[in-house]
Every structure is written in structure tokens, then in C-alpha cells.
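Structure, as C-alpha cells:
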Amino acid sequence: MAEQSIVISVAYCVYLHMAAHVGASRTPQEVMEHYVSMYIHGNLGKACIPDTIPNRVTDHTCPSGGPLSPSLTTPLPPLDISVAEQQQLGYMPLRDDYEIEYDQDAETLISGLSVNYDDDDVEIELKRAHVDMYVRKLKERQRRKNIARDYNLVPAFLGKDKKEKEKALKRKITKEEKELRLKLRPLYQFMSCKEFDDLFENMHKEKMLRAKIRELQRYRRNGITKMEESAEYEAARHKREKRKENKNLAGSKRGKEDGKDGEFAAIENLPGFELLSDREKVLCSSLNLSPARYVTVKTIIIKDHLQKRQGIPSKSRLPSYLDKVLKKRILNFLTESGWISRDAS
């Protein structure tokens, strides 16, 4: 700062001296602007001053998170917690340390090092490597502390941030969003808390926009081109869904009144259901067998039975889906119903 002020003072004296020679009609400020516009930004400056200055020095020690930035190892301010909570965590506020740190045995790398006058080059390089390893462990320890401080993990562990989170939340987070946060948890170490919250909010906005786009596309497929028409369409769609719901509810009530209570709900919409008797419907429902398959098996068994009674030899080939248990149940049912004789079963 001192050198910069000296340069500014010298430049001002030069412009003041030039203004005295030009005349009282020009001030030092006007002389400076004329000189800069004509000789620096003018043709002479463009020809003499290069656009890119070679060998420009880069400051790697800037406090903006560079490789050698001192902010990487700068201790954070102490936590504002009570004495009992400090004892619970093993926290020492004057040192901003814990009794048990990350990589607790890191100091063993350098605790036994000493510089001797008779060390050769290999030993010196080995000791330097140990020091470098120790510094890296310290940086990793400090990085973890920064993450814990940024994401308020200590108040979360103590249960202090629950009420603050409830006040801060603008909307209720759904179960799907909570699961998404758990999946994105590995990103915590690469992003600050604010950056992660912004990312999550942007993902939520993207989801809402996609849902809105799908809704507008559905309107377009139904011939709606204006938002004023969408309200009428939604009202009509709501009425249709309400009528359908009431119809289904009335059908279920009617089934209960008939004593069926939805007994054949799994097979009543399958082909061949109308061909079955009430007892056959109960049988197919209990065996979890479709009506078409039951009718096929019933036809094959009755046909074989009639051919045997007429003395015609026959080799019945029952379907592959009919195992021994199903075959026995169906034979017993057909025998009890009188379709086949008892000796055939």
C-alpha cells in the first residue's frame, strides 16, 4: 500500500508539472486524461504495449481457496455450546479441537522426527515426505471440520436445529424428496450447504416444470389451446372421474348385497366366465385357474371318460399347466357334480 501511494504521488506531481508548462487553462486531471487517451490507449500505446504481458506472476496464496490458500487451515470460530455439551462432545473451545480427532494417530508421523547433522539426502527426503503426509492429514481434518460446521452437524447431533429447520422450511418435504436427499448425501463433501440446497431446490423446480409440461401437452392433445378453456376441461374431467368412482362404488355395494362380496373379482372379467356355474366359479377362484383353462380341462376329462365307457382306447394329453393337485381337485369336483362316474376318478 505504501509503494502504491508513492507511485500515485509521483504521477500526480508529473501531471502537475506538465499542466504548469501547458498553461493555466489545463488542470492536472485534464492533462492526465489527454496523455492516457493519446499515448496509452491511442495508436502509439497499441503499437508499443503488448496485449498479453509474458511471465506474469500468479498469486497462489490468495484467500480464495487456492492450492496454497491460508484459509484452508485457518481455524474456525469456537462453537457456541454450553459446558455440558462441550463435555459430551469432548470439545475444547479455546483450541477449537476435540479430544478424539479424525485420524487420531496422525501426529505419530512426525513425533519421532529429528534433524541430525549426519543425515544423508535420502533420509532428509524421507523426513520431508513424512512432514508432507502430516500436513495433508491436517488439511483433511480441517476440511471435515469445515463440512461439519457448514452443514450444522453439531447442533443436529445435539438436537438443537429441529425447531430452526421447522421454521426455515417453506414447504413440506415429501418422502420421495427425503429419499433423494439420502441418495445425494455423498455430494455434501464437494458442495457447501447453500450450494446443495440450491441444487435440491432447482431439481424440485425441474420436476414441477416437467409435470406442468406434461399437463400442457395433455391439454393440447385434447384440443385445448387457451388456459381459460383448461378450467372447464378440468371441471368436466373431475365430474367424469366422480361418476366413474360412484359407479364402481355402487357395483361393489351391489356385489355385497348379492352375497358375493367381490369373491370373483379376479376372474369375472376373463373370457369364459359367463359359461361357468356358481360352483364352478367358486372352484376356479379357489384354484386361481382361469375359466378358459378350466373349460379346456373339463372338456378333455369328460371326452376321455365317454370314450372309455364306449370301449374306445384313448390317450389323453392334459395341458402342461395342470399338475397333480389341480387334476385331483377337478376330478373330485366333476365326480361330485355327476359329470363322470366315481370309478373313472
**OP:** Scan (1) at pLDDT below 80; (2) aromatic (Phe, Trp, Tyr); (3) surrounded by fewer than 10 Cβ atoms within 10 Å (Cβ to Cβ) for the single condition PHE157 breaks and write down its number.
**Re:** (3)
Original post:
Among the residues of the range 163-189 satisfying the criterion of being open to solvent by 70 Å² or more (accessible area, probe 1.4 Å) and at pLDDT 80 or above, which is nearest to the chain's Cα centre (by Cα)?
Top reply: LYS183
Original post:
If you check LEU216 against the conditions, is it open to solvent by less than 100 Å² (accessible area, probe 1.4 Å), at pLDDT 80 or above and in a helix (DSSP H, G or I)?
Top reply: yes
Original post:
Counting just the residues of the range 271-316 that are under 60 Å from the mean Cα position of the chain (by Cα) and free of Cβ contacts under 8 Å to residues at least 12 places away in the same chain, which one comes out most open to solvent (accessible area, probe 1.4 Å)?
Top reply: GLU274
Original post:
at pLDDT 75 or above and more than 59 Å from the chain's Cα centre (by Cα), is that true of HIS34?
Top reply: yes
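For the range 113-124, state whether one or more residues are in a helix (DSSP H, G or I), assigned by the TED database to the domain that holds LEU153 and under 30 Å from PHE157 (Cβ atoms). So that I can check it myself, show each step before the final result.
Looking only at the range 113-124, we keep the residues that are in a helix (DSSP H, G or I), and these are 121-124.
Now narrow it down to the ones that are assigned by the TED database to the domain that holds LEU153: 121-124.
This time we only want the ones that are under 30 Å from PHE157 (Cβ atoms), so: none.
Taking every residue of the range 113-124 in turn, none turns out to be in a helix (DSSP H, G or I), assigned by the TED database to the domain that holds LEU153 and under 30 Å from PHE157 (Cβ atoms).
The values are calculated or read from the model by the stated rules, or taken from the named source; none is laboratory data. On a predicted model such as this, the values are computed, not experimentally measured, just so you know. Cβ coordinates were reconstructed from backbone atoms using ideal geometry, including for glycine residues, and neighbour counts include every protein chain displayed. Surface accessibility is based on the protein's heavy atoms, side chains included, excluding ligands, DNA and RNA. Shrake-Rupley method; radii C 1.70, N 1.55, O 1.52, S 1.80 Å.
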